[in-house]
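Accompanying notes for the structure given below.
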Amino acid sequence: MDNNRCILCRRCVRACGEMVGNFTLSVAERGAASIIVADTDVPLGESTCIKCGTCVQVCPTGALIDRVSAYQGHDESLEEIKSVCAGCSVGCSIKIMVRNNRIVRIEGDWEGAVNHGLLCEHGRYDPVTESRKRITAPQMRKNGKLEIVSWDEAMSAVASQLMENKNEIAAIASTRLSVETLTAFKELFAEKFQSKHVTSVEEGVPTEVVTRFAQTHEGFEGKLDVLRNADTVMCIGANIHHSHMVAGFMFKRNLSKGTRLITIDPESSELDYMANISLKTQPGSDLALIRGLQAVIVQEGLGRTPLSLPDAGQLIEKAVSATGVSLEELKQTAELLARSISPVILFGKGITAQRDESLIEELHRLAVLVGAVDSERHGLLSIKGESNSLAATLLGMDTTFELNGQKVVYAAVGDDYVSRSLTERASKASYLVVQASYESKLTEQAHVILPVTIWAEQEGHHINLDGRIQTTHKAITAPEHVRENITVLNEIALRTNMTLKSDWQKSHSGAQIKRDIELKGKESIL
C-alpha cells in the first residue's frame, strides 16, 4: 500500500466490504488528513486481510499493488486470455494476463457468471507464485535411479507393462484434469484394460454420497446464487474461509445488512467471530445434532412442512448428550433457522467424508422442514472438492484407493499436489507410472515419469459444484518435451492397439455425465 498514490476514491474500501465482506480497509482521520488504513491502522500483513486481491484489481492509481506482478509491463503489452480457475470447484471466471509466454498476473472476470469478478488468494496468486520444480522430460528408473529418456522409450515401457499386467492395473487420476482427460482415462483403464480399480485422488470424499443421494432426489441441491439472497446461512462441516472462499464472499458481504450466520464444526474457523451462533460439536455427532434440530422445530411448531416425530424429546436429549452443545444453544439454532424467510444450508467434507447417506437424507429433511428446499427454491448446497470433483464422481471414479493385488499403478496427477497417504499406498505397487507436471514424493517413487501440461497450457471443460460445464482456454505454451494429458492417454491406447473416442460428449461416459446433470436440474453452459 502506497498512500502517496492514493486519491481517496474509496473503491478499495467498498470492494473489501461490499464485495468480499471482509471489511479490512477503511478511512482514518478526516479532511486533508484522511488516509486508507487496514483495521486499526496496522500493516496489511498483520491485519485481517485475506489476500484475495480484489482491492488491488479495483485500485485505479496503483496505490495498492501486488509485489508478484508489479512493474512487469503496461497492460497494452500484455495478452489477455479469458479462462476458468482450476483451483476449486466454484469455477471462477478469470483473465490470464500473459507476456513472453509467462503468466504475469491473474484477474477476476467481471462478466463471470459464477464469481462476477471476485477471486480468492488461491485463484489469483498461487498459480503465479508456483515454486515446485517442473518436470520437462520423460524419466525411467534404471539401476535404481531415474534417468531422462526419450518419449518413445518411456511410452514403449509403459505400454509393455500395461499389456503384460492387463488384469492387474489400478488407475488413479487428479480431479483437476479436464472432463475430456478424465473421460479418456476412465475409458482407457476401465473399459479397454478392464481394470476394476479406477478412481480419483479425492476418492469421492466430497461428492460420492451426495451424488448417490441425488439419484433418488432430483434437483435437491441449489446453485451458488442462493447464497446471495439468503437471510440465514447454516454452514456445517465446511471451512470455506480456507477453501471455496468465493462462495463465502457471497454471504459474508451481507452479514452487515442483517444476514444471520450459523457455523457448526468441531474445529475453530475464522468465520466463528462473524457468526450469530457458533456450535462446537463433538466429532461424528452431526447426525444426532441434525435430528435434534428437527425435533426442536417440530416440538415448537415452527416447521414449514409437517413432520411426525413421536420421540422428539428423546432426540433432543440425545443431541445434547452426543454433541456437547447445551439445550439452549440447540433451541436458539433451531429457532433462528426455522424463523428465516430464505435460509440456506451449506455443507462440506465434514459431512460428506462420513459417507453416510442417512446423514444427507436427514440434512435434506431439515432443509425441507425450515423451508430451505421447496418447489420454488433449493437452499441446500454442498461444497465439492477440486475443479472437476463432480465430473469424476459422475464418471464413477469415487472409490477408495487401496491396492488389492494390483501390480501396476498408473497415476495421472497432472499439476495437482499429491498427499502423503496416496504416495504411501501407490508406492506399494511393483510398477508405478506417474503422469505429472511437477516433482513430488510420488514421482520419486515412480518407475516411469511422463511430463504433462499444467492447467494454463491446455484447453478443456470443467464442471463446477453446481453443475455448470465451463470451458478453459490455453494461455501459455508448454515446454518443448511436455505433452498434454489427453495426448499421452491416446498414445498409450494407440500403442496397445486400442482406440479412444475423440469427442467426450459422444462417448458413453460423457453422455452419462450430461444426463446426470440434467436429471439433477443443473444448468449446463457449453
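Annotations for the structure displayed:
- Whichever residue in segment 154-190 is among the polar types (S, T, N, Q) and free of Cβ contacts under 8 Å to residues at least 40 places away in the same chain and, among such residues, is farthest from residue 492 (Cα to Cα): 167
- Restricting segment 423-445 to residues that are among the aliphatic types (A, V, I, L, M) and under 16 Å from residue 176 (Cα atoms) leaves a set whose member that is farthest from the chain's Cα centre (by Cα) is 434.
- Which listed residue is part of a strand (DSSP E or B) and either open to solvent by less than 10 Å² (accessible area, probe 1.4 Å) or farther than 13 Å from residue 287 by Cα (or both), from 360, 341, 345: 345
- Only one of the listed residues (418, 433) is over 25 Å from residue 152 (Cα atoms) and not in a helix (DSSP H, G or I). That residue is 418.
- Pair list, Cβ under 7 Å, 6 or more apart: segment 208-229 residue in contact (Cβ under 8 Å) with a residue 40 or more places away in the chain and over 16 Å from residue 463 (Cβ atoms), other residue among the aliphatic types (A, V, I, L, M) and open to solvent by 30 Å² or more (accessible area, probe 1.4 Å): 218/519
- In segment 233-263, the residues that are surrounded by 20 or more Cβ atoms within 10 Å (Cβ to Cβ), free of Cβ contacts under 8 Å to residues at least 40 places away in the same chain and more than 19 Å from residue 85 (Cβ to Cβ): 259, 261, 263
- From the list 406, 354, the lone residue that is of a type in the set (S, T, N, Q), closer than 20 Å to residue 239 by Cα and open to solvent by 10 Å² or more (accessible area, probe 1.4 Å) is 354.
- From the options 196, 186, residue that is over 26 Å from residue 471 (Cβ atoms), open to solvent by 10 Å² or more (accessible area, probe 1.4 Å) and among the basic types (Lys, Arg): 196
- The residue of segment 162-183 that is farthest from residue 205 (Cα to Cα), among those that are open to solvent by 50 Å² or more (accessible area, probe 1.4 Å) and not charged (D, E, K, R), is 163.
- Count of residues meeting criterion [of a type in the set (Gly, Ala, Ser) and either touching a Phe, Trp or Tyr at 6+ places or on another chain (Cβ under 6 Å) or open to solvent by 50 Å² or more (accessible area, probe 1.4 Å) (or both)] in segment 303-317: 1
- Positions within segment 348-366 being aliphatic (A, V, I, L, M), touching a Leu at 6+ places or on another chain (Cβ under 9 Å) and within 18 Å of residue 215 (Cα to Cα), in sequence order: 359, 363
- Residues satisfying the stated conditions in segment 243-271, i.e. farther than 24 Å from residue 89 by Cβ and not small (Gly, Ala, Ser): 257, 260
- The number of residues in segment 267-293 that are part of a helix (DSSP H, G or I), at pLDDT 95 or above and within 14 Å of residue 234 (Cα to Cα) comes to 4.
- The residues of segment 56-65 that are open to solvent by 30 Å² or more (accessible area, probe 1.4 Å) and either over 18 Å from residue 18 (Cα atoms) or in a helix (DSSP H, G or I) (or both), listed by number, are 56, 57, 61, 65.
- Criterion (over 24 Å from residue 200 (Cβ atoms), crowded, with 18+ Cβ neighbours inside 10 Å and within 19 Å of the chain's Cα centre (by Cα)) met by exactly one of 117, 123: 117
- Long-range neighbours under 9 Å by Cβ, at least six apart or interchain, first residue in a loop (DSSP other than H, G, I, E, B) within segment 22-51, second open to solvent by 50 Å² or more (accessible area, probe 1.4 Å) and β-branched (Val, Ile, Thr): 22/48; 23/48; 24/48; 29/35; 39/48; 41/35; 47/40
- Members of segment 7-25 found to be surrounded by 17 or more Cβ atoms within 10 Å (Cβ to Cβ) and either more than 18 Å from residue 60 (Cβ to Cβ) or touching a Lys or Arg at 6+ places or on another chain (Cβ under 8 Å) (or both), listed by number: 17, 19, 20, 21, 22, 23, 24
- Condition check for residue 198 on (1) more than 14 Å from the chain's Cα centre (by Cα); (2) within 30 Å of residue 14 (Cα to Cα); (3) of a type outside the set (Ser, Thr, Tyr): one failure, at (2).
- Scanning segment 144-161 for residues that are within 22 Å of residue 415 (Cα to Cα) and either at pLDDT below 95 or open to solvent by less than 10 Å² (accessible area, probe 1.4 Å) (or both) yields 154, 155, 158.
- Long-range neighbours under 6 Å by Cβ, at least six apart or interchain, first residue closer than 16 Å to residue 304 by Cβ within segment 339-366, second among the basic types (Lys, Arg): none
- Just one of the listed residues (132, 141) is over 17 Å from residue 472 (Cα atoms), modelled with pLDDT of 95 or more, in a loop (DSSP other than H, G, I, E, B) and open to solvent by 20 Å² or more (accessible area, probe 1.4 Å), and it is 132.
The values are calculated or read from the model by the stated rules, or taken from the named source; none is laboratory data. Being a predicted model, the structure only gives us computed values, none of them experimental. As a convention, Cβ positions derive from the backbone with ideal geometry for all residues, glycine included, and neighbour counts pool all protein chains shown. Side chains are part of the model used for accessible areas, which takes the heavy atoms of the whole protein and leaves out ligands, DNA and RNA. Shrake-Rupley method; radii C 1.70, N 1.55, O 1.52, S 1.80 Å.
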